[in-house]
Amino acid sequence: MGRAEMQIIVRRVLGLSLICVACIAAAQDTETFAVRLSPMPLDAEIRTLITGSGSGTAVLDGRRLVVDGSFSGLQGPATVARLHAGFAMGIRGPAVLDLEVDSAVSGNFSGELRLAREHLEALRDRRLYIQIHSESAPDGNLWGWLLP
């Protein structure tokens, strides 16, 4: 094998190595979060109206959050799905971003969102949660925190 051929092989190996390093770095920039949706806190009056369950994932790439999930078992069709920022895990907080949701008793929710810095911090502090409302429970039917 000649010197020129050897240089070509070395360049190709180095080029492939750089591509692999770039791919690994890009993959490490993403974080995945899971959510398990369960009924909102309830009292005796509304306990028959708030039923169902769901699950989903959220993938964070920089400040871009891609949410995807499903739900089932609601007493009435879903009306709204939102991302909320709680004051602490388990404590309700204001809605910060809307998600798409199927208007059905079982279906899907999704969204692609760009998080502001305070919402990014809330996500990493386990204070962001998804809440789905339904016709039978307009103040909230299912909720669940996004956890790593």
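Quick note: the coordinates plus some simple rules give every number you see, no bench work behind them. Note that the structure is a prediction, hence the values are computed from the model and not measured.
Numbers for the structure displayed
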{"item": "Extension gain, LEU120 back to ASP61 (0.36 nm per residue minus Cα-Cα distance, nm)", "result": "20.1 nm"}
{"item": "Contour excess over end-to-end distance, with Cα ends at ILE46 and SER103 and 0.36 nm allotted per residue", "result": "18.4 nm"}
{"item": "Amide hydrogen neighbours beyond the local backbone of ARG126, cut-off 5 Å, H modeled", "result": "none"}
{"item": "Gyration tensor (alpha-carbon) shape descriptor, region 47-148, a/c threshold 1.5", "result": "prolate"}
{"item": "Backbone HN-Hα couplings from phi across region 105-120 [Karplus 6.51/-1.76/1.60, Hz, Gly and Pro as x]", "result": "7, 9, x, 10, 9, 6, x, 10, 10, 9, 7, 6, 4, 5, 6, 5"}
{"item": "Amide H contacts under 5 Å for GLN75, placed H, 5+ residues apart", "result": "THR51"}
{"item": "Phi-based couplings in Hz for region 124-131 (Karplus 6.51, -1.76, 1.60; Gly and Pro marked x)", "result": "6, 8, 6, 10, 8, 9, 9, 10"}
{"item": "5 angstrom amide H check on LEU97, placed H, neighbours 5+ away", "result": "LEU83"}
